[in-house]
Amino acid sequence: MKRSSRDAAMNVSRRRFVQSLGAGTGACSLGLFSPRLFAADIGTTSPRTPALLSGTDFDLTIGNMPADFTGRMRPAVSVNGSIPGPTLRWREGTSVTLRVHNHLPVTSSIHWHGIILPFQMDGVPGISYPGIAAGDTFTARFQVKQSGTYWYHGHSHFQEQTGLYGAIIIDPAKPDPIGVDRDYVVMLNDWTDEDPDGLYAHLKKVSNYYNYGEPTMQDFIADASRQGVSHALASRRMWNQMRMSPRDLVDVTGATYTYLMNGNGPAGNWTALFRPGERVRLRFINGSSNSFFDVRIPGLNLSVIAADGQNVDPVEVDEFRIGTAEVYDVIVQPREDRAYTIFAQSMSRDGYARGTLAPRAGMQAEVPNLDPLPTIAMVDMMGSMAQGGGMSGMRNMTHGGDMHTGQHEPTDDTGMVGMPEVHHARTEYGPNVDMRVDMPRTNLDDPGIGLRDNGRRVLTYADLHTIGGSLYEHEPVGREIELHLTGNMERFIWGFDGLKFSQAKPVHFRYGEHLRLVLVNDTMMTHPIHLHGMWSELESPAQKFQVRKHTICVQPAQRVTYRVLADALGRWAYHCHLLYHMEAGMFREVVVS
Amino acid sequence: MSMNLCKKSMVFVAVSAAAMVPVPLQAQDTMQGMDMPAMQQPPQQTTGGWQRLDIGPQIGERPVVRGLGLQPMAVDAMPGMPPMQGGRAPPDARRPDYSDGVDYGSMTGMDMADDKPLGMLQFDRLEYFNGRAASGVSLDAQAWYGTDENRLWLKAEGEHSGERLQDLRTEVLWDRPVAAYWDTQLGVRHDFGVGPDRTWAAFGVQGLAPYWFDVAATAYVGQSSRTALRFEAQYELPLTQRLILQPRIEANLYGRDDPQRDIGAGLSDAELGVRLRYEITRQFAPYVGVDFTRRFGKTADFVRAAGEPVYKPQLVAGAHIWF
């Protein structure tokens, strides 16, 4: 499947090469802090690696800036004149002061994603504060109570899409148990030359506007010749009857997006340096607005050591999917004196962000080709029904226990997991909802669409175990709040329980309660769900603590549960982190009182 | 949770699991001889060829995939399962309200797009036609403005030939969604063109029928107890990602004669067209096609009397454009 990098490079047209080169030609970085760094190495930091600001006192200026990621100069929004904005390095236990100056002609905001803080500091206009008016300054001041990798981004309308984002690194108060020689942020983003308001309007008018992978007559002929006409027709019947496309993977694709790594297009080749044998920490942040990335570094084992800033028992994988707003810290140990490609292809297989790990600047390695365009599987629409029923025993009987989605059925004390009951809301029967799943799957060991059985070890949520377990193990779990992720893909309406934000009431958490959120995905898309202000402690299907996160991706036709300790008084945002889903209604206000 | 299964759901599981049995068996049958062990993931049917991305600013190549490799499964193959779409909420459906009476605060600055009005102007067909009897220009355009819940629609369809406006139907409608894929439209219609103008009250449904048929059916009531029915359906068949074949039918029925406008009671006319468009962009797609119009009954008599053909085959060329 792979071809040589020379072939790949030859096929890159000159125009495209120039386009995605951007300003950061040969960009390379020496890392945030390199204990073994030699003086001679300093000074080669590229203009396209964001600056690093450390300490407790920060001035961040949001401003308009022309940016060129595609060969066209386009208006963008930057922080301190760069995209991404500067990386902020804090220390656990300190108090930080962040003066955010808004030099835009419109209201702006910065949200500190995944940070536990007082709600007034959280940076969501309309919930935490009115936003930062044009020309004004907002000062956020709070205690840093955690460590790990996080990020910040605009929460005003579509400003995030236009460049308003950056990384946050928090050093632990005690010496970091994770010893590394090099440490780099790898921020992944999606850039569009379009005005995001126009992009949103396109989706509202023609929801498959950016989908150039729709099933065609050619596909039908191929299936018919291989499987027979009746089989080809029958296999399309349900999809067409439901007016849904088995290729509706994401809403916004490479038809408009250029995928960036630390602000560099694929040809810009952001580069991180290492000496063979060194342990290199890569802090992957999906700071995109509407993209999922599948990340791998051919030739290297990825040891995943943290998820959403929280340390996990190390997991060795070849590849991981990082949902919008998710964060994974990975350690690699390149031993050879050669370059390695950091390859992050979009879930819809229409482009990639790419960088290089290299012993010297200016090197590059083979860039893999994209994987084939996947088709949505039945399990993504029918949930456990397509897994052969809701009970593990049934599954094993019908499929010999060797499930393609990697089913290793978790069991509770009785040795069997029953199918959870699903309660559709009464508001899920209207125009805002195009499908409901009655038998969702609950297993966490599915890497997701396009990654199943690709011959590589791919990370799943079932692999993630937060070191130290739950923060609230001693607190009994009280009530459950069940919410369904819903949408109408044709109308491009998204919501919870069939209600858009503008139609819904706030969700009330009683102060101090330890509750279980039950999310059922009644759509065919994966939704990264982010609760502000409080941790989301994901549970296994048997309701054992699994991993602590700030953003939880719920796969199509999947049911997940997680615990939340409502210990943060105030008003918080709760939403799908796909920007266009959020703006189209998949958003709630949570009130803790 | 697993121990909390109530009786009802146990029955539910048993029924649906039993109903599932034939499906995996069938799937296993069809999977024999393939490398893939189970039914969930269709095998990727790569051709060995490579496709350079050509849709946007991105670079890269991916394997050419032909076919979807889907397995048959029907929604209605599961007796006892509630439908996945539509339907009515059961009386015991969950309440979506978790507010405990807590309301939104007084904070200003919320700026979400979910209730913002949008507008669209679409020339579905803007074309030159050429037939044995006449040639000219015809138009089928719609515009809307509003939110997801309430939209104002304007429609215009007509043709200009022989140096005059032959016919122009215009409508102003209030559109409301009533189901996932269906809207109702209520408003007025005004007809211009040959003969005296006519005005009607209009009520219709418009939407996407199963199997992706775009459908609109509208009933009209006019002055002097005139009534009319209009039906339109079209389908989009993507030959490639950009080359789309669009068959379309349209029929008009009238409750009583209107000789001044050459209209007879009953099925008055039907039109069948096939257009092949190429989407240079989503918003600009030139096309060529053929269009056949046939008049029936008394309408045909009026048309014949006027010396015009009852059956009009035409070649068309135009563009599908929207903003």
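Any chance you could count how many residues in the stretch A:232-248 are more than 7 Å from every other protein chain (Cβ to nearest Cβ) and either under 28 Å from the mean Cα position of the chain (by Cα) or surrounded by fewer than 18 Cβ atoms within 10 Å (Cβ to Cβ) (or both)? Spell out the reasoning first.
Taking the stretch A:232-248 as the starting set, the residues that turn out to be more than 7 Å from every other protein chain (Cβ to nearest Cβ) are A:232-233, A:239, A:244-245, A:247-248.
Now narrow it down to the ones that are either under 28 Å from the mean Cα position of the chain (by Cα) or surrounded by fewer than 18 Cβ atoms within 10 Å (Cβ to Cβ) (or both): A:233, A:239, A:244-245, A:247-248.
Here the count works out to 6.
Is it fair to say B:Ile55 is in a loop (DSSP other than H, G, I, E, B), touching a Gly at 6+ places or on another chain (Cβ under 7 Å) and on the phi < 0 side of the Ramachandran plot? Full working, then the answer.
Numbers: in a loop (DSSP other than H, G, I, E, B): yes; touching a Gly at 6+ places or on another chain (Cβ under 7 Å): yes; on the phi < 0 side of the Ramachandran plot: yes.
Criteria met by B:Ile55.
Scan the stretch B:280-298 and give yes if some residue there is within 23 Å of B:Trp212 (Cα to Cα), out of contact with any strand residue (DSSP E or B) (no Cβ under 9 Å at 6 or more places or on another chain) and without any contact (Cβ under 8 Å) to a residue 60 or more places away in the chain, otherwise no. Yes, the stretch B:280-298 contains a residue that is within 23 Å of B:Trp212 (Cα to Cα), out of contact with any strand residue (DSSP E or B) (no Cβ under 9 Å at 6 or more places or on another chain) and without any contact (Cβ under 8 Å) to a residue 60 or more places away in the chain.
Restrict the check to the stretch A:334-348 and report whether at least one residue is surrounded by fewer than 24 Cβ atoms within 10 Å (Cβ to Cβ), touching a residue at least 40 places away in the same chain (Cβ under 8 Å) and closer than 17 Å to A:Met525 by Cα. Yes: the stretch A:334-348 contains one or more residues that are surrounded by fewer than 24 Cβ atoms within 10 Å (Cβ to Cβ), touching a residue at least 40 places away in the same chain (Cβ under 8 Å) and closer than 17 Å to A:Met525 by Cα.
Take the residues in the stretch A:333-380 that are of a type in the set (Asp, Glu) and within 15 Å of B:Gly60 (Cβ to Cβ); name whichever of them is farthest from the other protein chains (Cβ to nearest Cβ). Break it down into steps so the answer makes sense when it comes.
Residues of the stretch A:333-380 that are of a type in the set (Asp, Glu), as a first pass: A:336-337, A:350, A:366, A:371, A:380.
Those still in the list that are within 15 Å of B:Gly60 (Cβ to Cβ) too: A:350, A:366, A:371.
On the way: A:Asp350: 6, A:Glu366: 13, A:Asp371: 7 Å.
Looking at the filtered set, the residue picked out is A:Glu366.
Here B:Gln283 fulfils each of the conditions (1) in contact with an Asp or Glu (Cβ under 8 Å, 6 or more places away or on another chain); (2) within 14 Å of another protein chain (Cβ to nearest Cβ); (3) of a type outside the set (Val, Ile, Thr) apart from (1). Among the residues of the stretch A:425-462, just one is within 21 Å of A:Pro314 (Cα to Cα), buried (at least 22 other Cβ atoms within 10 Å of the Cβ) and of a type in the set (Asp, Glu), namely A:Asp446.
With a cut-off of at least 1 residues that are acidic (Asp, Glu) and within 14 Å of chain B (Cβ to nearest Cβ), name the strands (runs of 3 or more DSSP E) lying wholly within the stretch A:142-205.
So the answer is A:182-192.
The strands (runs of 3 or more DSSP E) found wholly in the stretch B:143-223 and carrying at least 1 residues that are in contact (Cβ under 8 Å) with a residue 24 or more places away in the chain and of a type in the set (D, E, K, R) occupy B:151-161, B:164-179, B:182-193, B:198-209.
Let's see how each residue does on (1) surrounded by 16 or more Cβ atoms within 10 Å (Cβ to Cβ); (2) modelled with pLDDT under 95; (3) within 30 Å of A:Lys500 (Cα to Cα); (4) within 15 Å of the chain's Cα centre (by Cα):
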| residue | (1), (2), (3), (4) |
| --- | --- |
| B:Leu154 | no, no, yes, no |
| B:Arg164 | no, yes, no, no |
| B:Arg169 | yes, no, no, no |
| B:Leu173 | yes, no, yes, no |
| B:Ala179 | yes, no, yes, yes |
| B:Arg189 | yes, no, no, no |
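Residues that are within 22 Å of B:Val194 (Cα to Cα), at pLDDT 95 or above and in a strand (DSSP E or B) occur at least once in the stretch B:234-251.
Say whether the condition of being of a type in the set (Gly, Ala, Ser), assigned to a loop (DSSP other than H, G, I, E, B) and within 26 Å of B:Glu308 (Cβ to Cβ) is met by at least one residue in the stretch B:124-135.
Here is the first cut: in the stretch B:124-135, the ones of a type in the set (Gly, Ala, Ser) are B:131, B:133-135.
If we keep only those that are assigned to a loop (DSSP other than H, G, I, E, B) too, we end up with B:133-134.
Narrowing the set further to residues that are within 26 Å of B:Glu308 (Cβ to Cβ) leaves B:133-134.
Within the stretch B:124-135, one or more residues are of a type in the set (Gly, Ala, Ser), assigned to a loop (DSSP other than H, G, I, E, B) and within 26 Å of B:Glu308 (Cβ to Cβ).
Against the numbered list (1) facing chain B (nearest Cβ under 9 Å); (2) at pLDDT 95 or above, A:Gln543 comes up short only at (2). Does A:His577 fit the bill of being farther than 20 Å from A:Thr460 by Cβ and under 18 Å from the mean Cα position of the chain (by Cα)? Criteria not met by A:His577.
The values are calculated or read from the model by the stated rules, or taken from the named source; none is laboratory data. Nothing here was measured: the structure is a model prediction, and the numbers come from that model. Ideal geometry is used to build each Cβ from the backbone, glycine not excepted, and the neighbour counts take in all protein chains shown.
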